[in-house]
DNA sequence: TATAATTTTTAGACATGTCTAAATTAATAT
DNA sequence: ATATTAATTTAGACATGTCTAAAAATTATA
């Protein structure tokens, strides 16, 4: 059974390895977990001995099937708790991340599955992130970043890629939340900023923001 | 901010010091936490430095106001989570203790208070134990152990003093739960066992069991 | 009250996870 | 191909919380 710290390492490696199972570097993990590369080196050795990751010195690491499975189940817990906090306890979507970071480490598969049932088996968390089921399978999603939309079109916000209160708060100000319909008016070539219209109000957003909003074209 | 371990020590000391603020011995704490007296000695020194307990070498410890307050708030969290687990997630009352032991360490006063509201400010947990409010005040209770009932009478079960699955399971078998009406038929002097009647079924229970069932006389 | 038994504390060790500073390996540039 | 730079690992230290074994203090007993 991995410790909480080990779980956080697995989660970070999962997040950083993306869809194509890239090798993850020591430095990348250190940055993600706000720790030092030397600490990562130590931990990576331990996770490797437990067969949770593949590790080649100076090369990088990747998750084993067992490690990946553990990471996915931690993410499952994190996202289910976020649904609970927002939908049942009336937290706002920018307030739940830190609490869910704690709750995701509670050990009880019974608890997770009963919570899942209690919440009616949600497919997405309050930020639009997909929630894996008890088998560890993610619901299919075909979302793209708003920054990749070329032409004038109408789209729907399906998720956000950043969990930080500051960012989520800014979206609240723009009246953007999951499900919001957005009309693309103009993509400005020189700085890739976008002019959009929400509920007949025209707005201007930067690439940095657009990159972190996932949409599906209507 | 105390660590999880420190919180567990505070909780144990609170439990052991009873209503009359007795001094708690090192050995008692060690037994309660299933650890060694030497470990307790170390920890007690640390808690004392943090002004959470009063500690005199070789004498014993007692909680300071600050330590007591912390302990009470951990108990508050524990019991609120138990209500959530039983009333909302449909756990049985003998299944929730270990999970609540984990949940009680989640840090967020916002969370506790929203959970409290979500559960409609319950006064008692599934085992009948009183839940302190946000100020740390316990609801008044005037329950006595079933073992102290002298005469033939009708009583109502209001709480249990033991959280162990084995004991709770046994009560389930006897059809005893919080709120159950029990008729005392006979107290047997030689072994203090009691003959009772529940729903017209006659039963026989030992002192050990009776001591851990709290009742109020009807 | 002196001695025995018990309780509590201390000393020294270990495991976990972290850090800084130094050493090693790999990547990049000249 | 060699020198420089960057990334990674190792060595040694520290903090937390635990343990065993031994010492000290307290309590009980004769």
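The table below lists the values:
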| item | result |
| --- | --- |
| Residue A:23 vs. criteria more than 27 Å from residue A:176 (Cβ to Cβ), within 16 Å of DNA strand D (Cβ to nearest atom), touching a strand residue (DSSP E or B) at 6+ places or on another chain (Cβ under 6 Å) and modelled with pLDDT under 95 | yes |
| Any hit, the stretch B:51-58, residues being buried (at least 21 other Cβ atoms within 10 Å of the Cβ) and either within 13 Å of DNA strand D (Cβ to nearest atom) or not assigned by TED's automatic domain parsing to the domain that holds residue B:164 (or both) | yes |
| Some residue of the stretch B:56-65 being within 14 Å of chain A (Cβ to nearest Cβ), more than 30 Å from residue B:188 (Cα to Cα) and assigned to a loop (DSSP other than H, G, I, E, B) | no |
| Residue ID - farthest from residue B:68 (Cα to Cα), chosen from residues in the stretch B:138-154 that are assigned to a loop (DSSP other than H, G, I, E, B) and touching a helix residue (DSSP H, G or I) at 6+ places or on another chain (Cβ under 9 Å) | B:149 |
| Number of the exception - residue B:133 against (1) surrounded by fewer than 20 Cβ atoms within 10 Å (Cβ to Cβ); (2) more than 16 Å from DNA strand D (Cβ to nearest atom); (3) modelled with pLDDT of 95 or more; (4) over 16 Å from the mean Cα position of the chain (by Cα) | (4) |
| Hits in the stretch A:59-71 (condition: over 17 Å from the mean Cα position of the chain (by Cα), surrounded by 14 or more Cβ atoms within 10 Å (Cβ to Cβ) and within 16 Å of DNA strand C (Cβ to nearest atom)) | A:60, A:61, A:62, A:67 |
| Matching residues, the stretch B:118-130, being within 14 Å of chain A (Cβ to nearest Cβ) and either surrounded by 14 or more Cβ atoms within 10 Å (Cβ to Cβ) or touching a helix residue (DSSP H, G or I) at 6+ places or on another chain (Cβ under 7 Å) (or both) | B:118, B:119 |
| When residues of the stretch B:53-91 are limited to those that are touching a helix residue (DSSP H, G or I) at 6+ places or on another chain (Cβ under 8 Å) and on the phi > 0 side of the Ramachandran plot, the one modelled with the lowest pLDDT | B:60 |
| Residue B:40 vs. criteria part of a strand (DSSP E or B), within 16 Å of DNA strand C (Cβ to nearest atom) and in contact (Cβ under 8 Å) with a residue 12 or more places away in the chain | no |
| Any hit, the stretch B:174-193, residues being surrounded by 14 or more Cβ atoms within 10 Å (Cβ to Cβ) and free of Cβ contacts under 8 Å to residues at least 24 places away in the same chain | yes |
| Criterion violated by residue A:41 - all others in (1) in contact with a strand residue (DSSP E or B) (Cβ under 9 Å, 6 or more places away or on another chain); (2) within 12 Å of DNA strand D (Cβ to nearest atom) satisfied | (1) |
| Restricting the stretch A:101-110 to residues that are in a loop (DSSP other than H, G, I, E, B) and facing chain B (nearest Cβ under 10 Å), the residue that is surrounded by the fewest Cβ atoms within 10 Å (Cβ to Cβ) | A:107 |
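To keep it simple, each residue is scored yes or no on (1) in the same structural domain as residue A:15 (by TED's automatic domain parsing); (2) closer than 22 Å to residue A:172 by Cα.
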residue: A:34; (1), (2): yes, no
residue: A:41; (1), (2): yes, no
residue: A:44; (1), (2): yes, no
residue: A:86; (1), (2): no, yes
residue: A:103; (1), (2): no, no
residue: A:110; (1), (2): no, no
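Here's the yes/no breakdown for (1) away from chain A (no Cβ under 14 Å); (2) surrounded by 15 or more Cβ atoms within 10 Å (Cβ to Cβ); (3) away from DNA strand C (no atom under 15 Å from the Cβ):
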{"site": "B:18", "(1), (2), (3)": "yes, no, yes"}
{"site": "B:29", "(1), (2), (3)": "yes, yes, no"}
{"site": "B:35", "(1), (2), (3)": "yes, yes, no"}
{"site": "B:73", "(1), (2), (3)": "yes, yes, yes"}
{"site": "B:78", "(1), (2), (3)": "no, yes, yes"}
{"site": "B:81", "(1), (2), (3)": "no, yes, yes"}
{"site": "B:91", "(1), (2), (3)": "no, yes, yes"}
{"site": "B:99", "(1), (2), (3)": "no, yes, yes"}
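The values are calculated or read from the model by the stated rules, or taken from the named source; none is laboratory data. What you see is a predicted model, and the numbers here were worked out from it, not measured in a lab. Note that each Cβ is placed from the backbone with ideal geometry, even for glycine, and that neighbours are counted across all protein chains shown.
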